[in-house]
């Protein structure tokens with residue numbers, strides 16, 4: 001496999017905008033299809049035969065970015081909920097004084113703390129791999145830890161935004177408030193750059209060894 005930079009001009013490169021989606025409205029999303037699309041030889045990215053390695057390294061970077069973004073969504077949900085718990089009143093007191101609301105808030109904080117730890121660990125592993133590009137063991141460790149961080153943080157962000165919507169109550173079911181916008185945006189994080197199922201296969205495969213590689 002060899003990687004190339006592709007010129008998107010011409011009739012043989014077809015693009016289709018995707019507008020009907022439930023979240024990530026600020027992101028340009030599209031499908032594309034190449035039909036006998038010509039690619040210039042001098043547009044080769046890297047060396048011949050290095051395409052798979054390049055694509056895998058790119059995915060590791062993308063997965064770490066997704067995990068980091070999910071951590072940011074959790075942090076924003078937490079910040080919004082803390083403020084709301086102190087200002088919104090029901091039954092004569094701030095809703096933050098209700099135990100069931102505190103339960104939701106505590107779960108968001110635990111999601112934040114755990115995701116932060118995993119994202120930092122993954123980032124350190126990737127930095128070590130980037131500093132030693134020829135070390136297969138360091139790359140494998142980074143790939144493993146990034147998969148863990150991506151899987152955990154994307155699921156944690158989905159759950160945290162759901163807890164945040166509950167705290168906001170009826171207002172939580174509105175795009176005027178940030179928790180619902182996070183709920184819309186983070187669900188796809190469990191799909192792109194590697195689905196939950198792919199991440200679990202990578203994690204389990206690393207634990208069991210190459211003889212149990214589900215990708216074979």
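The values are calculated or read from the model by the stated rules, or taken from the named source; none is laboratory data. Keep in mind that what you see is a predicted model, and the values were worked out from it rather than measured. Positions of Cβ are backbone-derived with ideal geometry, glycine not excepted, and every protein chain shown enters the neighbour counts.
Some points to look at:
- Of the residues making up region 25-55, those that are loosely packed, with under 12 Cβ neighbours inside 10 Å and at pLDDT below 85 are 26, 27, 28, 30, 52.
- Matching option when the condition is crowded, with 21+ Cβ neighbours inside 10 Å and within 26 Å of residue 126 (Cβ to Cβ), among 149, 204: 149
- For region 153-197, a tally of residues being touching a residue at least 60 places away in the same chain (Cβ under 8 Å), within 19 Å of the chain's Cα centre (by Cα) and farther than 16 Å from residue 72 by Cα returns 3.
- Any hit, region 178-186, residues being closer than 29 Å to residue 56 by Cβ, in the same structural domain as residue 58 (by TED's automatic domain parsing) and at pLDDT 95 or above: yes
Matching residues to (1) farther than 18 Å from residue 193 by Cα; (2) surrounded by 11 or more Cβ atoms within 10 Å (Cβ to Cβ); (3) not assigned by TED's automatic domain parsing to the domain that holds residue 183:
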residue	(1), (2), (3)
23	no, yes, yes
57	no, yes, no
74	yes, yes, no
81	yes, yes, no
87	yes, no, no
118	no, yes, no
